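Structure first, commentary second.
Every number in this text was worked out from the coordinates using simple rules, so none of it is lab data. Here the structure is a predicted model, which means the values were calculated and not measured. Because the Cβ atoms are built from the backbone with ideal geometry, glycine has one as well, and the counts that use them run over all protein chains shown.
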Amino acid sequence: MQTSTRWMIAAVLIIWPHIARAADEAPDDGLRAVNVEQYGISVRVPQAWRLITWARNDRAFVLKIPQQAGSPVGYVACEVALAPESLDAYRTRHDAADEKQQQEAKPRRKLIQNQIETLDAPTFGDQLSQGVGSRLVSVWRYTGEDDSRWYEVRVRMISHDMLYTFVLSSDEAHYQAYRIDFDRMLTRPRFSPPQSGLQRLPDGYWMQREYRFAMQLPPGWKPSFAPHENALLFASGKTHEVFTDNLLVLASPQRPLDLKRLEHDFPEQIARLDETARVESCQIVPQGERQALETVIHTERGPFRISILERRFRGARRNYEVKFTCQTDEFEKLADELRKALDSFAEFIDRPREKAL
């Protein structure tokens with residue numbers, strides 16, 4: 001036997017177990033994969049569900065599903081957000097909202113299911129039963145002015161400190177059939193750590209790899225996946241029911257920044273945009289060797305009193321907005337630590353020595 005032939009046979013014998021295993025694991029279910037690695041989620045869906053949105057802002061994907069002509073609904077989606085304290089926080093809020101809704105003369109929406117379910121291994125596999133554990137299933141029935149009906153299902157799961165909300169919106173004619181497909185999709189979703197785009201550096205710094213800036217985080221805070229398309233760095237702090245303290249960094253092309261004019265105009269702009277907002281301070285402060293406009297705003301988001309500490313400044317290569325948003329009670333405890341983190345902001349001209357995560 002020639003040497004080249006023997007090598008070919010040996011190579012086949014070596015890789016054959018891997019080929020066989022891959023074939024055994026490859027799904028043969030007539031479905032197609034929707035894999036959004038950046039958001040840490042992969043599902044399998046029917047061929048007729050047409051992808052119309054992929055990895056945009058807080059939506060990992062949106063799929064268009066066939067409906068009756070003129071139907072205002074007809075999609076399946078996956079939304080991603082920071083995880084709440086518990087799924088029960090959403091369950092109780094849905095119950096309270098529905099109770100208030102039913103007091104209206106002619107309620108258009110009715111909550112017909114709202115319960116937390118345990119994910120068992122035989123049905124959902126080990127990853128979901130052990131890594132996720134439970135899910136919240138909420139179903140609403142809507143009634144239009146012409147007495148037409150449609151349904152919305154929201155299934156929430158927590159994985160890797162993120163809340164994944166899977167949504168089915170369907171007219172009544174297709175609801176039962178699509179609900180079967182939707183439930184089938186959610187028996188084997190695959191979760192993985194979403195990509196933050198950050199690299200850990202020495203001394204507690206986190207660097208945005210593409211834009212090459214870094215900053216330290218307050219004690220107990222951690223980098224997180226950004227559910228906003230324009231966010232370059234996102235981090236989370238303490239969670240209060242369904243609201244999580246967070247840090248957001250935005251950047252724009254470098255241009256002149258008139259801090260004196262911003263200092264004068266910004267409070268009035270805030271008042272026009274948010275009638276509940278109160279600007280505590282708006283002043284120019286040091287930002288390394290440069291200056292920044294620092295603003296402290298107190299406002300409301302639903303039932304929460306929140307405070308925003310923001311700095312706007314011109315960097316060596318870009319203009320930046322760095323914003324902490326916290327529940328007000330937490331902000332009052334952390335104000336000094338938040339400012340210390342803002343002071344740590346740095347841009348890198350040369351490539352720093354990086355430490356792998």
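Past the 31 Å Cα-Cα mark, which pairs from Lys106/Lys323; Lys100/Lys238; Lys260/Lys340?
Working: Lys106/Lys323 42 Å; Lys100/Lys238 29 Å; Lys260/Lys340 23 Å.
In this structure, Lys106/Lys323 exceed 31 Å between Cα atoms.
Using the number of other C-beta atoms within 10 angstrom as an exposure proxy, rank Cys326, Cys282 with the fewest first.
Numbers: Cys326 26, Cys282 18.
So the residues, fewest neighbours to most, are Cys282, Cys326.
What FRET efficiency would be calculated for the residue pair Ile180, Ser344, taking the C-beta separation as r and a Förster radius of 35 Å, to the nearest 0.05? It would help to have the intermediate numbers written out before the result.
On the way: r = 52 Å, r/R0 = 1.49.
E between Ile180 and Ser344, to the nearest 0.05, is 0.10.
Taking amide hydrogens as modeled 1.01 Å from N in the peptide plane, which residues meet the under 5 Å criterion relative to Gly40, leaving out close sequence neighbours?
Result for Gly40 returns Gln195.
Treating the beta-carbon of each Lys and Arg as +1 and of each Asp and Glu as -1, no other charges, what is the dipole magnitude of the chain about its Cα centre, to the nearest 20 debye?
Working: 49 positive and 51 negative charges, 211 e Å.
Using Cβ point charges on Lys, Arg, Asp and Glu, the chain gives about 1020 debye.
What do you get for trypsin sites (Lys or Arg not before Pro) in segment 51-108 restricted to DSSP loop and a cutoff of at most 12 other Cβ within 10 Å of the site's Cβ? Let's see the in-between values first.
Numbers: sites: Arg56, Arg59, Lys64, Arg91, Arg93, Lys100, Arg108; in loops: Arg108.
In loop regions of segment 51-108 (DSSP not H, G, I, E or B), the sparsely surrounded trypsin sites (Lys or Arg not before Pro) are Arg108.
At 0.36 nm per residue, and after removing the present C-alpha to C-alpha distance, how many nm does the segment from Glu263 to Glu229 gain when stretched out fully?
Contour length minus the Cα-Cα distance gives 9.5 nm.
When Rg and Dmax of the Cα atoms in Å is calculated directly from the model, which label among (i) 24.9, 88; (ii) 20.6, 65; (iii) 21.1, 69 fits?
(i)
Once the other residues with Cβ under 13 Å from the Cβ of Ser148 are scored (Lys, Arg +1; Asp, Glu -1), what is the net sum? Write down the numbers at each step before the final one.
On the way: positive: Arg108, Arg141, Arg149; negative: Glu145, Asp146, Asp147, Asp171, Glu172.
Net charge in that neighbourhood comes out at -2.
List the residues whose amide H sits under 5 Å from the amide H of Asn319, counting only those 5 or more places along or on another chain, with H placed 1.01 Å from N in the peptide plane.
Amide H neighbours of Asn319, under 5 Å, 5+ apart: Ser252, Gln254, Arg255.
Counting other Cβ atoms within 10 Å, which GluC sites (Glu not before Pro) in segment 176-249 have at most 14 and lie in a DSSP loop?
Values: sites: Glu210, Glu229, Glu241; in loops: Glu210, Glu229, Glu241.
In loop regions of segment 176-249 (DSSP not H, G, I, E or B), the sparsely surrounded GluC sites (Glu not before Pro) are Glu210, Glu229.
Loop-only GluC sites (Glu not before Pro) in segment 29-112, please: DSSP not H, G, I, E or B, and at most 15 other Cβ atoms within 10 Å. Provide the component values of the computation, followed by the final result.
Details: sites: Glu37, Glu79, Glu85, Glu99, Glu104; in loops: Glu85, Glu104.
The qualifying sites are Glu85, Glu104.
Within a 10 angstrom radius of the beta carbon, how do Val296, Val153, Val76 rank from fewest other beta carbons to most?
Numbers: Val296 18, Val153 21, Val76 24.
Result, fewest neighbours first: Val296, Val153, Val76.
Taking θ = phi - 60°, what integer Hz values does the Karplus form 6.51 cos²θ - 1.76 cosθ + 1.60 yield along segment 166-172, in sequence order, with x for Gly and Pro?
Whole-Hz 3J(HN,Hα) from phi for segment 166-172: 9, 10, 10, 10, 8, 5, 5.
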